[in-house]
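To start, the structure under review is shown below, and the notes come after it.
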Amino acid sequence: MTTPITNTELVYDALAIRARLQAELPHWYEQTGHIQRRYKTGGWKASLLVVNAIGHLAEAAWHHPELEVSYGHVLVKLQTHSAHGITDKDFELARKIEELICWQPGKDKQSVLDGTPDDARYTYIKYD
C-alpha cells in the first residue's frame, strides 16, 4: 500500500518496501525508516572511493543519502526526507549505486576491461 504525498511521490509501506527490495535489490534491507546497504571495502582508500562515487550519483540525482564511513565499510541509508518515508526516488538511486559500486568489468563477458586484479593487495570492494 502507498500513501500519496504529492502528485509524483508515493510513500511505500513496510510490506511493499520488503517486496521491492527482495525483487530488485536483494542486498538492501529496510531499517529505521530507511533502505540500507553496507558495502564492505578493502580499507580506507576503498571506502573513500565508494563515498566519492556515491556522492557523484547523489549530487547528479539531487537526492542525498546518509552515509556512515569506516575503514572497512560504507553504510548507505536512503529515505525521501520531504516525504518522510521511502519513495521511488530511494529505489532508483539505490539501483544506480548498486550498479556502480558492484560493477566488475573483469567478470562481464562483453567488457574488454580487465577489472581489478584478483590479488588481496588490490582489494577494492568485497563483493557479495
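What follows is calculated from the coordinates using simple rules that are stated; it is not laboratory data. Since the structure is predicted, the reported quantities are computational estimates derived from the model, not experimental observations. Note that we place each Cβ from the backbone using ideal geometry, even for glycine, and neighbour counts take in every protein chain shown.
Restriction of the trypsin sites (Lys or Arg not before Pro) in region 75-119 to DSSP coil positions whose beta-carbon has at most 13 other beta-carbons within 10 angstrom yields Lys109. Relative to the longest principal axis of the chain, what angle (0 to 90°, nearest 10) does the C-alpha long axis of helix 44-61 take? The two axes meet at around 40 degrees. Against the main long axis of the alpha-carbon atoms of the chain, helix 88-101 sits at an angle near 0°. The loop-placed chymotrypsin sites (Phe, Trp or Tyr not before Pro) in region 53-115, going by DSSP, that have at most 13 neighbouring Cβ atoms within 10 Å of their Cβ come out as Trp62, Tyr71.
Neighbours of Ala46, meaning other residues whose beta-carbon lies under 13 angstrom from its beta-carbon, give a summed charge of +4 when Lys and Arg score +1 and Asp and Glu score -1.
All C-alpha pair distances within region 2-122, sorted into 5 Å bins from zero, spread as 2, 10, 20, 21, 19, 13, 8, 5, 2, 1, 0 percent across the bins. In terms of its C-alpha gyration tensor, region 64-128 comes out oblate, because a/c is 1.5 or above while a/b does not outweigh b/c. How far is helix 14-24 tilted, in degrees, relative to the longest principal axis of the Cα atoms in the chain, given as a value from 0 to 90 rounded to the nearest 10? Here the helix axis deviates by roughly 30 degrees. The modelled label-to-label distance for the pair Tyr71/Glu92, using points 7 Å beyond Cα in the direction of Cβ, is 3.9 nm.
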